[in-house]
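Report on the structure given below.
The values are calculated or read from the model by the stated rules, or taken from the named source; none is laboratory data. These numbers were taken from a predicted model, which means no experiment stands behind them. Neighbour counts run over all protein chains shown; Cβ positions are idealised from the backbone, glycine included. These accessible areas exclude ligands, DNA and RNA; they are computed on the full protein's heavy atoms, side chains included. Shrake-Rupley method; radii C 1.70, N 1.55, O 1.52, S 1.80 Å.
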Amino acid sequence: MQKNTIIVSGRNGQLGNALEALTASDSANEYIFLGRSELDLSQPSSISRIFDQYKPSWFINCAAYTAVDKAESDQENAYAINAEAVGAIATLCEAHNTKLVHISTDYVFNGNGTSPYRVDEKTEPINYYGYSKWLGENLALKNNPHSVIIRTSWVYSDHGNNFVKTMLRLMKDRSEIRVVSDQIGCPTYAYDLAAAILKIVQETEAGNAHYGVYHFSNGGAISWCEFASAIRDEAGLHCRVQPIPTSDYPTPAKRPHYSVMDTQKIQNDFGVQIKPWRDSLKECLKKLIIES
């Protein structure tokens, strides 16, 4: 049986790193992990070269311009990577009969909701980062109907820079920290998202193919302040976590006040399991404690 060649971009990011770890023992497929030095999404010629070289069955696009605040003033680069390059990848996927999994964001919504966003609800990006990702979604679906778009939120892991690692560092150094309490969402453990992507590939290859937009995060809804308090408690730290409103922590890019997403569709179509956010936080903290 011929192996599938699966390209994963964004090797050095949280999700790419998690995918590489989870597929290390998978001998049924051939995974090609590419960082920016091998695949620069701001250089379209490097994208077509990759397809010619590897002729992949799947392309999992974990690479993105993720500097939310910087995107407000660096719109050209955010557009090139999050929109233009995604459109180019989708076009090449269509030409090479390659299935595409592309990662998007809760920031495509305006953040004024009060119940979990369904995949078919109206999008209204709240900042330029969200707008560039929204454009990427649309170009992917327009240029390649065999695309799976996964919107996710509040991604963290034991790798790279993220909220969990930042909180641990600050709490070890300070007796009190101030954390926004009026932004509600759901954390996503990168390893759980990676497992969901691999489940989608597995199900599709077995004949259970679905395409379009999906939502994935861990289960539950909390504020950043509640998340910080949980990190402290699970890590056995004693720092005081002081709740503050968003207005006390202004940023160049607006942040959504509510970004909880309905994950029912990905569960129904692919049998993906949704773990409670606190269970996954515990898993991540175990890794971080072992590493430290």
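Worth pointing out:
- Distance between the C-alpha centres of segment 219-243 and segment 96-138: 27 Å, rounded to the whole angstrom.
- When D69, D233 are compared by accessible area of protein heavy atoms, the largest-first order is D233, D69, using a 1.4 Å probe.
- Taking all protein chains into account, the per residue accessible area for segment 142-292 stands at 46 Å² (1.4 Å probe).
- Segment 145-184 residues near the modelled K275 label - backbone nitrogen below 15 Å, point 7 Å along Cα→Cβ: 155-159
- 20 Å Cα-Cα reach of K99 towards lysines, excluding residues that sit fewer than 8 places from it in its own chain: K3, K55, K133, K142, K199, K265
- Accessible surface for H96 stands near 60 Å², nearest 10, in the context of the full protein assembly shown (1.4 Å probe).
- Here segment 73-127 is treated as a Stokes sphere of Kirkwood radius computed over C-alpha pairs; at 4 °C and 1.567 mPa s its diffusion coefficient rounds to 97 µm²/s.
- Scanning residues 5 or more positions from F33 or on other chains, those with amide H under 5 Å from its amide H are V8, with H placed 1.01 Å from N in the peptide plane.
- Listed by chain and number, the lysines whose alpha-carbon sits under 18 Å from that of K286, ignoring those within fewer than 8 places in the same chain, are K165, K172, K275.
- Taking a sphere under 13 Å around the Cβ of G212 and counting the other residues whose Cβ falls inside, with K and R at +1 and D and E at -1, yields a net charge of +2.
- Spatial separation of Cα centroids for segment 29-71 and segment 155-209, in angstrom: 22
- Assigned charges on the beta-carbon of Lys, Arg, Asp, Glu; segment 45-158 dipole about Cα centre (debye): 380
- Here is the P(r) of segment 152-292: all C-alpha pair distances, binned every 5 Å from 0, give 2, 10, 18, 20, 18, 14, 9, 6, 3, 1, 0 in whole percents.
- Rounded to the nearest 20 debye, the dipole size of the chain about its Cα centre is 360 debye, using +1 on the Cβ of Lys and Arg and -1 on the Cβ of Asp and Glu.
- Principal semi-axes in Å for the chain [√(5λ), Cα gyration tensor, largest first]: 31, 21, 18
- Carbon and sulfur %, accessible surface of the chain computed with the full protein complex present, 1.4 Å: 47
- Heavy-atom accessible area for R169, with the other protein chains in place and a 1.4 Å probe, reaches approximately 130 Å².
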